[in-house]
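To start, the structure itself, in structure tokens.
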Amino acid sequence: MTTAPPADKNGNETGKKARFPSLAPVHSLLAGWAGLALWLLLLLLLALYPYTGVSSLALLVGSQIFVLVTLASNWNLIGGMTGYVDFGHAVFFGVGAYIMAILVTGAPLLISPQWGFWQALPASGAAAALFALLIGLPTLRLKGPYFSIAMLGTLVAMREIVRVSRPITGGGIGLNLPPVLNRIGDYYLMLAIMGLVVSLIWWIQRSEFGQSLIAIREDEVGAEMRGINTTLHKIAAFMIAAFFTGIVGGFWAWQNTFIDPDGVFVETRTVEMVMMSMLGGLGTVWGPPLGAVAIYLLQNLLWSNLFELHLLALGVLLVLIVLFMPEGILGTLGDRSSTSLGRLLARFGRNR
Amino acid sequence: MDQLSQALVSGLLLGGFYAIMVLGFSVIWGVMGVINLAHGEFLMIGAYLAWGLFRFFGIDPFASLALILPLMFLVGYLLQITLINRIVERPHLMTLLVTFGVSIALANLAKIVFTSDPRNVAVAYSGSFQFAGVTFPIVKTIIFAAALLIMGSLHLFLQRSRLGKSIRAAAQNKTAARIVGVDINRVYAITAGICIALTAAAGAMLSPTQAIFPFMGPPFTLKAVTITALGGLGRIPGALMGGLVLGVTEIFVATYVAGIGTNLGVATSFILLVLILVVRPQGLMGGLRPVDAEAD
Amino acid sequence: MAIENANGLPPSTPMASDQQPLLEGRTVSKYFGGLAAVNNVDFAVYPGEIVGLIGPNGSGKTTLFDCLSRLQKIDGGKITFKGRDVTRARPYQVARMGLSRTFQSVRVYRKMTVLRNMLISHQWRNTSLLHMLRPSPASTARRAHQLLDFLQIEHLAHEDAGHLSGGQRRLLEIGMALMPDPEILLLDEATSGVNPTLIETIKDRIRTLNQQGKTFLLIEHNINFIADLCSRVYVLNYGEKLAEGTPQEILQNEAVIDAYFGA
């Protein structure tokens, strides 16, 4: 049973020629300043979009897409670049959402005066990052599937703990936030956060820090032996990813005005993040945002046509992507910075 | 002292259920190297089947096993030849992602079919009896006995029957098994059939003791991982041991952590799991790799 | 020592007592379960030496390497590097102190280009946070190109490391080990799977580097390679030190011949 890792398969994987070699220069440009310039241009266009007199629904859709893009990019930092496939990343979303709710309502802990949204938002990110530190210290020592399962466990356990801690979290009943309807404000806030996060990922990917993360993904022992403090770098990446996920969680709680354990600590949200990153291309800068938009459109299509079936379809879709499109959109188009799922898989291999 | 012996008995009874619940998960992992994250969902399906048979045909949950076992064997068999055979022997992450997808799909399918209202199976014998000053809930005692019975027969099957030996051979050395003429794909399909049927049976037996709802699965999957880490892979005695340890731990937490302890089952099991994996990555019994399905 | 070097001969053993060992292990032991993979091995490498480590398969050579480079926790004994006790140090810490190693099964970052592999293996000792948040500086790139040139794989700089042949990967790995300008290099079977021409290249490069003051510790199966390069050789068998001495002494040692060819 303990057969050697499929070395030959590995060779095929890496030896395979890119399917669209003519696109190679485009890819290398996108990873550089040109990519960032295009991204900033897109941000500018999106910032001007509300001035075209769109409906408030369009603004809501916009901010929802921005949420997904941010989540996917964040997950990609730990799951795609560092190679730690986090099945419980939604836990940071939940922590952020709850910190936001607890701080702005102030009620459960009788914190007074209640915090404003602008103080609570960074606090929810910071709380998520702190939580990532606590959780990451033990779990990031686990390898491959054990890390994934431990994080899934974190998510389910947190849901349970939040449900039980009624005095602080309102238990299973959840918490109501003050309803403030500000679609245009939401739109710009999420646009800013998304712009920041994706640009940050772009920056990280170029930096030595980002390269060290990729090195950890490719060969953690080798990276450690060549002077990289792998523990520190993993924790840092994990905390950054958690910080922005927490912020998005906080924002989501604010926008949604109601949260409960089953609404924020849900596996489907993790699945979304994994799928968006994977569909776009793990470990690339532009893949996860692309994947996020694709999943949103797909979901909307499913949502309107199949209504209740859409979560079912989400699960089926995950299976199909893994089986038939493991390299993602960008990987399929031959982006070299994309790690194919196959590579990641081979690394996790069976040699524990 | 009374409280202690009561907690111990309740823990052991729960542990018996956990042992039977984990078997399917543990054997699939041990034999095929597939970590089945949809494990809890098959349990959930078993519970719903038992509920349906009880509600509409008045069949007792334990009697309904006679129907559920063959039906779910077929489901497992078909699932194996259509889907899981594609991911067997592939890296763990792939199997994780695929089974994670299956788990989400099944839970939401159940939500569509059965709605998310909790269902109950109210059997007539849901009471309890006293013995030596300790309360024994009747249903849980029956589950415990049934668990021992099923594990015993599975043990015999794997040790004695020709098919059982093939399964063990496939678990130990796939290539060698193939060379001596074992049809691996068929063996895997039968293994999956048995495991899924067992898991669903555990769910059916569970149905009288707790509410049934579409999203009940993941906690069981996690507990299954913990028990496997505790007791080792694919071993029946290990499953029993791991199940008992987790059961007793959980009940002790529920008994001695005031107020909120009863609802911390997953958290307890999660902390246990992370502790084990961090301290001993190979699992407590050193078996977290595909080993002989019947090492002891 | 100065005279010996002037003669072009490797420094002989044992070293003068005033010389401190660069890397030293005292009664190093490592057990796997009940099995002693390394048992009470005493061990010292002096600055400027090329020391060989040989032994039959499974004799504990690589385990000893793992212990010395801190990838394995040791169960007994003490390891000092540059006079400092590193028994409990982490691998990245000894790496930053100036110890580099390669691996028996080559470890390169397959999805990164050869150049990026080199860049990320730079000396991390004084890398500030600000430095880490930037792309690799031009000085690092210059050094990477020089080393690639030195190892004759410059033409592959923009190839993915996963696309290289086994021998090329070994060279790349040696290059990565050289990037931080280490004081000692531990090479684990640098010649296995490498064609004879490349072996000569590697041998030549090791000699050049040694003349520049780098210390080497080599695990080898290729006896000629050892005999040509090393001033001293340790022989391990069943995790214990069987013999030590010059290559000539070792090749005539009865116990060593027994261990290799069976009595």
Residue tally, condition surrounded by 24 or more Cβ atoms within 10 Å (Cβ to Cβ), under 22 Å from residue B:66 (Cα atoms) and not hydrophobic (A, V, I, L, M, F, W, C), over region B:171-223: 5
Restricting region B:4-50 to residues that are more than 28 Å from residue B:187 (Cβ to Cβ) and of a type in the set (Gly, Ala, Ser), which is farthest from the other protein chains (Cβ to nearest Cβ)? B:5
Members of region A:207-264 that are more than 8 Å from chain C (Cβ to nearest Cβ) and at positive phi: A:257
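For region A:184-203, name all the residues that are over 20 Å from residue A:251 (Cβ atoms) and either surrounded by 22 or more Cβ atoms within 10 Å (Cβ to Cβ) or more than 11 Å from every other protein chain (Cβ to nearest Cβ) (or both).
Just the residues of region A:184-203 that are over 20 Å from residue A:251 (Cβ atoms), to begin with: A:202-203.
Selection gives A:202 alone.
Based on what the data block shows, is residue A:272 within 14 Å of chain C (Cβ to nearest Cβ), in a helix (DSSP H, G or I) and surrounded by 21 or more Cβ atoms within 10 Å (Cβ to Cβ)?
On the way: within 14 Å of chain C (Cβ to nearest Cβ): no; in a helix (DSSP H, G or I): yes; surrounded by 21 or more Cβ atoms within 10 Å (Cβ to Cβ): yes.
No, not satisfied.
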Exception for residue C:107 within (1) surrounded by fewer than 23 Cβ atoms within 10 Å (Cβ to Cβ); (2) more than 8 Å from chain A (Cβ to nearest Cβ); (3) of a type outside the set (Ser, Thr, Tyr) falls at (2)
Select from region B:137-162 the residues that are in contact with a helix residue (DSSP H, G or I) (Cβ under 7 Å, 6 or more places away or on another chain) and crowded, with 16+ Cβ neighbours inside 10 Å and list them in ascending order. B:140, B:141, B:143, B:144, B:146, B:147, B:150, B:151, B:154, B:155, B:158
Residue, modelled with the highest pLDDT, within region A:112-142, restricted to residues that are polar (S, T, N, Q) and more than 13 Å from residue A:242 (Cβ to Cβ): A:119
So, of the residues in region C:145-165 that are within 11 Å of chain A (Cβ to nearest Cβ) and not in a loop (DSSP other than H, G, I, E, B), which turns out to be surrounded by the most Cβ atoms within 10 Å (Cβ to Cβ)? C:161
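Please tell me if residue B:146 is within 14 Å of chain A (Cβ to nearest Cβ), in a helix (DSSP H, G or I) and either out of contact with any Leu (no Cβ under 8 Å at 6 or more places or on another chain) or over 18 Å from residue B:39 (Cβ atoms) (or both). Explain how you work it out, then say what you get.
Numbers: within 14 Å of chain A (Cβ to nearest Cβ): no; in a helix (DSSP H, G or I): yes; either out of contact with any Leu (no Cβ under 8 Å at 6 or more places or on another chain) or over 18 Å from residue B:39 (Cβ atoms) (or both): yes.
Here the answer is no, as residue B:146 does not meet what is asked.
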Evaluate the following for residue B:112: is it modelled with pLDDT of 85 or more and among the aliphatic types (A, V, I, L, M)? yes
Which condition number in (1) more than 14 Å from every other protein chain (Cβ to nearest Cβ); (2) among the aliphatic types (A, V, I, L, M); (3) surrounded by fewer than 24 Cβ atoms within 10 Å (Cβ to Cβ); (4) within 19 Å of the chain's Cα centre (by Cα) is the one that residue A:97 fails? (3)
Of the residues in region B:187-215, those that are touching a residue at least 40 places away in the same chain (Cβ under 8 Å), under 23 Å from residue B:141 (Cα atoms) and either within 14 Å of chain A (Cβ to nearest Cβ) or not in a helix (DSSP H, G or I) (or both) come to B:207, B:208, B:209, B:211, B:212
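Is there a residue being within 22 Å of residue C:170 (Cβ to Cβ), in contact (Cβ under 8 Å) with a residue 40 or more places away in the chain, aromatic (Phe, Trp, Tyr) and buried (at least 21 other Cβ atoms within 10 Å of the Cβ) anywhere in region C:216-228? Reasoning before the result, please.
From region C:216-228, those within 22 Å of residue C:170 (Cβ to Cβ) are C:216-228; that's our starting set.
In the following step, the residues that additionally are in contact (Cβ under 8 Å) with a residue 40 or more places away in the chain were identified as C:216-221, C:223, C:226.
Okay, now just the ones that are also aromatic (Phe, Trp, Tyr), so C:216.
Then keep just the ones that are buried (at least 21 other Cβ atoms within 10 Å of the Cβ); that gives C:216.
For region C:216-228, residues within 22 Å of residue C:170 (Cβ to Cβ), in contact (Cβ under 8 Å) with a residue 40 or more places away in the chain, aromatic (Phe, Trp, Tyr) and buried (at least 21 other Cβ atoms within 10 Å of the Cβ): present.
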Region B:56-99 - residue that is touching a residue at least 12 places away in the same chain (Cβ under 8 Å) and of a type in the set (Phe, Trp, Tyr) and, of those, farthest from residue A:314 (Cα to Cα): B:62
Criterion violated by residue C:171 - all others in (1) more than 14 Å from every other protein chain (Cβ to nearest Cβ); (2) surrounded by fewer than 19 Cβ atoms within 10 Å (Cβ to Cβ) satisfied: (2)
Tally of residues being among the β-branched types (Val, Ile, Thr), outside any loop (DSSP other than H, G, I, E, B) and within 11 Å of chain A (Cβ to nearest Cβ) across region C:80-104: 1
How many residues are in a loop (DSSP other than H, G, I, E, B) and not aromatic (Phe, Trp, Tyr) when one looks only at region C:105-121? 8
Selection count where residues are facing chain A (nearest Cβ under 7 Å) and surrounded by 15 or more Cβ atoms within 10 Å (Cβ to Cβ), scope region C:132-144: 3
Looking at region A:276-285, which of its residues are under 16 Å from residue A:320 (Cβ atoms) and at pLDDT below 85? A:278, A:279, A:280
Of (1) within 30 Å of residue A:55 (Cβ to Cβ); (2) of a type outside the set (Gly, Ala, Ser); (3) without any contact (Cβ under 8 Å) to a residue 24 or more places away in the chain; (4) surrounded by 21 or more Cβ atoms within 10 Å (Cβ to Cβ), residue A:181 fails just (4)
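Name every residue in region A:48-79 that is more than 17 Å from residue A:243 (Cα to Cα), in contact (Cβ under 8 Å) with a residue 24 or more places away in the chain and in contact with a Gly (Cβ under 9 Å, 6 or more places away or on another chain), in order of residue number.
The initial filter retains those residues of region A:48-79 that are more than 17 Å from residue A:243 (Cα to Cα), namely A:48-65.
Narrowing the set further to residues that are in contact (Cβ under 8 Å) with a residue 24 or more places away in the chain leaves A:50, A:56, A:59-60, A:62-65.
The answer is A:50, and nothing else.
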Give all pairs with beta carbons closer than 9 Å in which a residue from region B:164-186 that is in contact (Cβ under 8 Å) with a residue 24 or more places away in the chain and among the polar types (S, T, N, Q) meets a residue that is surrounded by 14 or more Cβ atoms within 10 Å (Cβ to Cβ) and in a helix (DSSP H, G or I); count only pairs at least 6 apart in sequence or on separate chains. B:185/B:80; B:185/B:81; B:185/B:85
Can you spot a residue in region A:234-249 that is more than 19 Å from the chain's Cα centre (by Cα) and at pLDDT 90 or above? no
Can you confirm whether residue B:75 is within 14 Å of chain A (Cβ to nearest Cβ), in a helix (DSSP H, G or I) and modelled with pLDDT of 85 or more? no
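When you scan region C:200-224, how many residues do you find that are closer than 21 Å to residue C:251 by Cα and either part of a helix (DSSP H, G or I) or in contact with a Cys (Cβ under 6 Å, 6 or more places away or on another chain) (or both)?
Going through region C:200-224, the residues closer than 21 Å to residue C:251 by Cα turn out to be C:203, C:216-224.
Filter again for either part of a helix (DSSP H, G or I) or in contact with a Cys (Cβ under 6 Å, 6 or more places away or on another chain) (or both), leaving C:203, C:223-224.
Qualifying residue count for the region: 3.
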Any residue in region C:177-206 that's within 14 Å of chain A (Cβ to nearest Cβ) and over 13 Å from residue C:219 (Cβ atoms): show its pairings with residues that are among the charged types (D, E, K, R) and in a helix (DSSP H, G or I) at Cβ separation under 7 Å, as long as the two are six or more apart or on different chains. C:179/C:143
Verdict on residue C:81 being in contact with a Phe, Trp or Tyr (Cβ under 9 Å, 6 or more places away or on another chain) and crowded, with 20+ Cβ neighbours inside 10 Å: no
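The values are calculated or read from the model by the stated rules, or taken from the named source; none is laboratory data. Quantities reported herein were computed from a predicted structural model and do not represent experimental measurements. A quick note on method: Cβ atoms are made from the backbone with ideal geometry, for glycine too, and the neighbour counts reach across all protein chains shown.
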